[in-house]
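**Q** This structure is in structure tokens; I'll ask about it shortly.
The values are calculated or read from the model by the stated rules, or taken from the named source; none is laboratory data. Computed from a prediction, not measured in an experiment: that's the story for all the values here. Cβ placement follows ideal geometry from the backbone for every residue including glycine, while neighbour counts extend to all protein chains displayed. Heavy atoms of the whole protein, side chains included, go into the accessibility calculation; ligands, DNA and RNA do not. Shrake-Rupley method; radii C 1.70, N 1.55, O 1.52, S 1.80 Å.
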Amino acid sequence: MATPLSEDHNLQVQGYLRFAKFKRKQHLREVGATVSDFAEYRVQENEVYTTKEARALLADCREAVLQRVETELENATYASGLLLHLLFEQAEMADLVMTADTNELENEMLLKRIAQSAEEAMAKPASLFARKPQRLNKLG
């Protein structure tokens, strides 16, 4: 990330970050619904539970939440992989070779920059991100 992106590419990154934040909030609501559904269907009103029964209920709830979180993390991973695939596909159509250094994904300084960009993106109107893709001519 030493080279700054063009305004258009930066806007696309911010658009992705807005999308990711929306999906993250959606996933959190789904996890909350998993717990609520569990409580509604598994915990009986006016019922007294022994410690053993309470622990079993909590273990079952934990398993339901873990399954939901695993599914959501898996979907987020697939979405990131799809984004990379689409970008590499575009690069190949333009006869470009791109590489991704996954070691940089844990660079705290770069992550802080992206977090700042995400904050900036959320301060912008959503209409700014509704753009149609433009096809560029091949280089060379």
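**Q** Does Val13 fit the bill of being touching a residue at least 40 places away in the same chain (Cβ under 8 Å), in a helix (DSSP H, G or I) and in contact with a Leu (Cβ under 9 Å, 6 or more places away or on another chain)? Talk me through it step by step, then tell me what you get.
**A** Values: touching a residue at least 40 places away in the same chain (Cβ under 8 Å): yes; in a helix (DSSP H, G or I): yes; in contact with a Leu (Cβ under 9 Å, 6 or more places away or on another chain): yes.
Taking the combined requirement at face value, the residue satisfies it.
**Q** Please specify each residue of the range 59-85 satisfying the condition of being of a type outside the set (S, T, N, Q) and without any contact (Cβ under 8 Å) to a residue 12 or more places away in the chain.
**A** Let us first name the residues in the range 59-85 that are of a type outside the set (S, T, N, Q), namely 59-66, 68-70, 72-74, 76, 78-79, 81-85.
Matches in the range 59-85: Ala59, Arg62, Glu63, Leu66, Glu70, Leu73, Glu74, Tyr78, Gly81, Leu82, His85.
**Q** Further question on the same structure: Surrounded by 10 or more Cβ atoms within 10 Å (Cβ to Cβ), in contact (Cβ under 8 Å) with a residue 60 or more places away in the chain and under 14 Å from the mean Cα position of the chain (by Cα) - does that describe any residue in the range 21-41?
**A** Taking every residue of the range 21-41 in turn, at least one turns out to be surrounded by 10 or more Cβ atoms within 10 Å (Cβ to Cβ), in contact (Cβ under 8 Å) with a residue 60 or more places away in the chain and under 14 Å from the mean Cα position of the chain (by Cα).
**Q** For the range 78-96, enumerate the residues that are among the hydroxyl-bearing types (Ser, Thr, Tyr) and open to solvent by 90 Å² or more (accessible area, probe 1.4 Å). Outline the logic, then answer.
**A** Residues of the range 78-96 among the hydroxyl-bearing types (Ser, Thr, Tyr): 78, 80.
Result: Tyr78, single match.
**Q** Ser117 passes all but one of (1) free of Cβ contacts under 8 Å to residues at least 60 places away in the same chain; (2) closer than 23 Å to Leu11 by Cβ; (3) polar (S, T, N, Q); which number fails?
**A** (1)
**Q** Check whether at least one residue in the range 126-136 is surrounded by 10 or more Cβ atoms within 10 Å (Cβ to Cβ) and free of Cβ contacts under 8 Å to residues at least 24 places away in the same chain, and report yes or no.
**A** In the first step, residues of the range 126-136 are kept if they are surrounded by 10 or more Cβ atoms within 10 Å (Cβ to Cβ); the result is 126, 128-129, 131.
Filter once more, so that each one left must be free of Cβ contacts under 8 Å to residues at least 24 places away in the same chain: none.
Looking for residues that are surrounded by 10 or more Cβ atoms within 10 Å (Cβ to Cβ) and free of Cβ contacts under 8 Å to residues at least 24 places away in the same chain, one finds none in the range 126-136, hence no.
**Q** Continuing with this model, one more query. Being closer than 29 Å to Leu128 by Cβ, out of contact with any Ser or Thr (no Cβ under 7 Å at 6 or more places or on another chain) and of a type in the set (A, V, I, L, M, F, W, C), is that true of even one residue in the range 35-50?
**A** Let us first name the residues in the range 35-50 that are closer than 29 Å to Leu128 by Cβ, namely none.
No, the range 35-50 has no match at all.
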